[in-house]
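The values are calculated or read from the model by the stated rules, or taken from the named source; none is laboratory data. Note that the coordinates shown come from a computational prediction; the quantities given were computed from them, not determined experimentally. All Cβ positions, glycine included, derive from the backbone under ideal geometry; neighbour counts span all protein chains shown. Only protein heavy atoms, including side chains, enter the accessible area calculation; ligands, DNA and RNA are left aside. Shrake-Rupley method; radii C 1.70, N 1.55, O 1.52, S 1.80 Å.
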Amino acid sequence: MKIMKKVLFYLFVMCSLVVTSCSSDDDDNFVEVIELNFNQAHYSLAKGEIELRLISDQPASATVSIPVLFSGTAVEGTDFTADKSITLKAGETEAVLKVKRIEENIGEDDKELVVNLGTAPTGFKVGVGSYTSVELLGTTGVIMSFDDVSGILTEATSYGITLETMTGAVYKVSEETRFDIEVDPSSTAVEGTHFSFDGGKYATVLKNKNKGTVSVKFLKKEEGKDKLVLRLVERDGYAYGNNASIIITISGPYILTGTWAFDKISNLTFYQNMWGEDITKFPTGTSADQIKFEGNSYQEYTFIPTLSGELKNYFGTESCTVTYKEELEKTIEEESTRYQVTAKIAVLQFPSVNVNFSANNTSNRAAVVGFRIIKSDGKDILECTIDDFEPTDFMTDTYDMMKDYGEDPIMKSAPLRLHFTRVK
C-alpha cells in the first residue's frame, strides 16, 4: 500500500512538471494580436470630403496597410473616390481613410456607402467595428455647421450654428429642433471645473428658423487647460458643413491692465464707403496718444489718459476710476458680410467724458465705453467701442438720425471702433 502511494505521488509530481513546462512554453510563444476597429458606425457627407477613423488598441510595431472593400448604393468613381487601403504607421494607434464626394454627380437621392475592413495583416485582427457606413446626401440634404472655426470664452458666450441646403440656400426647420453638442476628447478644459453649459448641451433652432446657439459659461482659467472643442453630434438627414466643430479658448473676463498706444480708427473705411461720411472730420491721433489701466481686478481700474491728439476731446486728460458694468454682445458692423459678426465686450462706466467729442463744444456726463482684447499679427490689440457719444464736429447727420431711434446708447448702431496696441 505504501509503495502504491509513492507511485501515485511521483506520477502526480511528473504530471505537474509536464503541465508547468507546457504552460511556460505557451507563455513564451504567445504573441498579442492588435485589434482594429472603426471609431464610429455612421458618418454623413454632403460636399467635400470626410475622414473615416480607424483605431488600434495598441501602437503598431511596424507600418501596415489594411485593405478596405466598398459596398452599398454609392458607386466608386461616380459618387465618391477613396483609397483601397488604410495605412497605419508604426508607433501610432489611429489612421484615416479619406472619402471625397464627386460633387458634379450629386443627385436628389441619398446614397449609402458601406466600408468594410478586409483581411487583417499578420499580428492584427478585426474587431466588432469592422465596418462603417457613410450617408452621401442628395441635393435635398441639409448641412449643419458652426458659424466659426474658433472662438473665445470670456464670462459667458454663445456660439452659433447655421443650417443650409446642399445648394447653399437657407434651410428652416418645420418645428423647434435641438442639435446635440458634445465635448471633443481633444479638449484640455474640464466640464464642471473650467466651464459649464448654460441651458443645456445643445443648440436650439426655433420653428421656421435656420440658426441656433449653444451657451457656455466661464468657471475657471488654468494654464494648459484652456482649450475647449465642441462638436455637433451626428444627426440623420444632416451632414457637416465647413465647421463640424469649434475650438474655444477659455480666457475669462478681459483684463485690461497695461499701457496702450493709439493705432487707428478701425472702422473709418467702413463709414467712408458704406455711409458716405467725410472721414477728414473724424478724430485723429498718433502712437504718442496712450491710455493706461491700473488695477488688480477687472471690476475696477484707474484710467490714466496721456493724450495730446483729438482723443482727449472725449476722454479728457485727468485720471479717474472706471468700473466694470457688464459684458455685452455687440455687432461688429464693419466685419459683417453674409452673416452678422458679433463679439463679447466688457462695458466700463466712466464718471465723466465729453460726449460731444469736440474741442469747441462740451457736454460732460457719465458714459459707458466697451473694450475687448484681440490678436493681430501676434500683437495684443485693445479694441475700444465708443457708442455713447453725441458728436458735434463729425458724423452730425448720422447723430441727428440716430437720436430719433431711441437706442441706448444713442450711437449703438454707428459706433467708433478705436484700436490701441499694447506698449507694456
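Details
- Size descriptor, Kirkwood hydrodynamic radius, that averages inverse alpha-carbon separations across region 113-157, Å: 15.4 Å
- Scattering from region 142-250 was approximated by placing one identical point on each alpha carbon and applying the Debye formula without solvent; log10 I(q)/I(0) at 0.10, 0.11, 0.16 1/Å stands at -0.28, -0.33, -0.67.
- Dipole of the chain, positive direction: furthest Cα of 416, 126, 253, with charges on the beta-carbon: 126
- Simple label model, 7 Å out from Cα along Cβ direction - residue 424 to residue 401, nm: 4.5 nm
- The Cβ shell under 9 Å around residue 144 holds other residues with a net charge of 0, Lys and Arg each +1, Asp and Glu each -1.
- For region 258-422, alpha-carbon Rg over 2.2 N^0.38 Å: 0.98
- Rg over Rh [alpha-carbon atoms, Kirkwood Rh] for region 34-136: 1.00
- By accessible area, using a 1.4 Å probe on protein heavy atoms only, region 142-250 has 45% of its surface on carbon and sulfur.
- The alpha-carbon of residue 325 sits under 19 angstrom from the alpha-carbons of these lysines, leaving out residues fewer than 8 places away in its chain: 217, 292, 344, 412.
- The orientation-averaged projected area of the convex hull spanned by the Cα atoms of region 133-187 comes to 5.9 nm².
- Note on the chain: with charges restricted to the Cβ of Lys and Arg (+1) and Asp and Glu (-1), its dipole about the Cα centre is near 1140 debye.
- Each other residue within a Cβ distance under 14 Å of residue 62 adds +1 if Lys or Arg and -1 if Asp or Glu, for a net charge of 0.
- Computed over the chain, the Cα gyration tensor eigenvalues convert (square root of 5λ each) into semi-axes of 62, 30, 18 Å, ordered from largest to smallest.
- A straight Cα-to-Cα reach below 17 Å connects residue 209 with the lysines 172, residues fewer than 8 places away in its own chain not being considered.
- In the structure shown, the pairs 207/330; 264/330; 281/424; 89/125; 111/201 are assessed against 23 Å; a Cα-Cα span above that value is assigned to 207/330; 281/424; 111/201.
- Charge dipole magnitude, Cβ of K and R +1, D and E -1 - region 277-424, Cα centre, debye nearest 20: 560 debye
- For region 237-256 versus region 355-399, the gap between their alpha-carbon centres in whole angstrom: 29 Å
- Of 330, 84, 264, the residue with the largest accessible area leads and the full order is 84, 264, 330 (1.4 Å probe).
- Of all aspartates and glutamates in the structure, those lying under 16 Å Cα to Cα from residue 98, and not within fewer than 8 positions of it along the same chain, are 49, 51, 76, 79, 83, 112, 135.
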